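A short worksheet on the structure shown next.
Rule-based calculations on the coordinates, nothing more; no lab input. No experiment lies behind these values; they were computed from the predicted model shown. Cβ sites come from the backbone with ideal geometry, for glycine too, and all protein chains shown count toward neighbours.
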Amino acid sequence: MSGRRTITDIDGVFRYLSRDLRAVERALVSNLASPVPIIPVVGKHITLSGGKRVRPAILLLTADACGYRGPRRTVMSVVTEYMHTATLLHDDVVDTGTVRRGKPSANVLFGNSVSVLVGDFLFARASQLMTDDGDIDVLGIYARTLVHLSEGEVLQLIKTRNAGITEKEYLTVVFCKTASLLAAAAETGAVLAGADPATRKAMFGFGKSIGIAFQLVDDILDFTGTEKSLGKRPLQDLREGKVTLPLLHALREAGSADRERARRALAKKEPGDRDVAFLSGLVARHDGIGYAASRAREYVRRGKRRLAGLPDSPARSALIALSDYITSRTN
């Protein structure tokens, strides 16, 4: 993994990280060990269900780009992925999800109570790993992030089915629920490398920006993807009453009659097929997809600017390639 080669695409990113990610995968499994047999069963079901490992990749690469390639990167990658996985377990219970990455969700297979409690176990194991590591700066980053994740979940819950949500409010949800953990991963990479405060702040800003872009692309894919590519039914956000950025923009641009009809459709506990078709049609008529895509590209540009102060290296070029991938992905 030595040399000064430039990495230009996502395949190159994961080739560069292949050895590191294999170590992360092994550690993800080994740290699920528990005398309670159901915990590793549920943990492996969700942890090994085909996630992209974007968060560990960001942590590994930012640490590398800032000058650290030691074993603490593996530990903190596990911390990050466990926190992410715990939120997925909790989200599926809150959202009454039935499918996750093309497979039955854990709450369907094992029940809501077990899913919530195994999610709690993952948060606890992540905390244990950080405590064993003993870096107060890292503990502070993830404690703050856990607050954001919790706030985001509650804020999304109270804003669901709300046709009047503003873009600022929505982006706050996006930061808390998604981007805060990517920002934590990037900032932690800088901390592991002993980077100065300015670099640490820049890496946080990088993770935040590409994290927001990542979620905005997810918003788009819910409208444009297929069940095979998404691992779930398309338009699921609409069925759950979630006003994501494509619909938010359409509502902002629509006439009063369409906005009122949309409000009534979103207010239903279970919107019918005609309601979903109307809402998706509204997004198409007002180019909500184009608007959200433009905003995602804007956030990626903002994130890449944060990398300008890093020395040239394969890891830095991989971070740029990973950023570009976010707006081109199809699942």
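Structure notes:
- Reciprocal of mean inverse Cα separation for the stretch 81-174 (Kirkwood radius, Å): 14.7 Å
- Counting charges near Gly119 (Lys, Arg +1; Asp, Glu -1) among other residues having Cβ under 15 Å from its Cβ returns a value of -2.
- Seen through its C-alpha gyration tensor, with square-root eigenvalues sorted a ≥ b ≥ c, the stretch 1-129 comes out prolate because a/c lies at 1.5 or above while a/b is bigger than b/c.
- Taking 0.36 nm per residue of separation and subtracting the current Cα-Cα distance, fully stretching the chain between Leu117 and Ala277 would add 53.9 nm.
- Rounded to the nearest 20 debye, the dipole size of the chain about its Cα centre is 540 debye, using +1 on the Cβ of Lys and Arg and -1 on the Cβ of Asp and Glu.
- Placing unit charges on the Cβ atoms of the charged side chains and taking the dipole of the chain about its Cα centre, the candidate lying farthest along the positive direction among Ser180, Val191, Thr6 is Thr6.
- Reach of Lys201 by Cα under 20 Å, taken over aspartates and glutamates that are not fewer than 8 positions away in the same chain: Asp64, Asp135, Asp137, Glu187, Glu298, Asp312
- Helices of the chain meeting both criteria, an alpha-carbon length of 30 angstrom or more along the long axis and an average Kyte-Doolittle score not below -1.0, with helices taken as full DSSP H segments, are 72-94, 112-133, 136-159, 197-224.
- Furthest towards positive pole of dipole, Ser313, Ala106, Ala86, structure part the chain, Cβ charges: Ser313
- When the chain is treated as a GNM with alpha-carbon contacts under 10 Å, the residue of Gly290, Gly255, Gly152 showing the greatest mean-square fluctuation is Gly255.
- Its Cα gyration tensor gives the stretch 203-247 an equivalent ellipsoid, and the semi-axes of that ellipsoid, as √(5λ) in whole Å with the largest first, are 23, 12, 7.
- Reachable aspartates and glutamates from Lys269, criterion Cα separation under 16 angstrom, eight or more residues apart if same chain: Asp95, Asp237, Glu240
- Comparing mean-square fluctuations of Arg73, Arg274, Arg285 from a GNM of the chain with C-alpha springs under 10 Å, the top value falls on Arg274.
- Calculated [222 nm] ellipticity per residue, helices only, for the chain: -23000 deg cm²/dmol; basis is -39500 (n - 2.57) per DSSP H run with n ≥ 4, divided by all residues, nearest 500.
- Computed over the stretch 10-324, Cα set: Rg, Dmax in Å: 19.7, 59
- Under 22 Å from the Cα of Lys52 - lysines, other chains or at least 8 residues apart: Lys44, Lys103, Lys177, Lys208, Lys228, Lys232, Lys304
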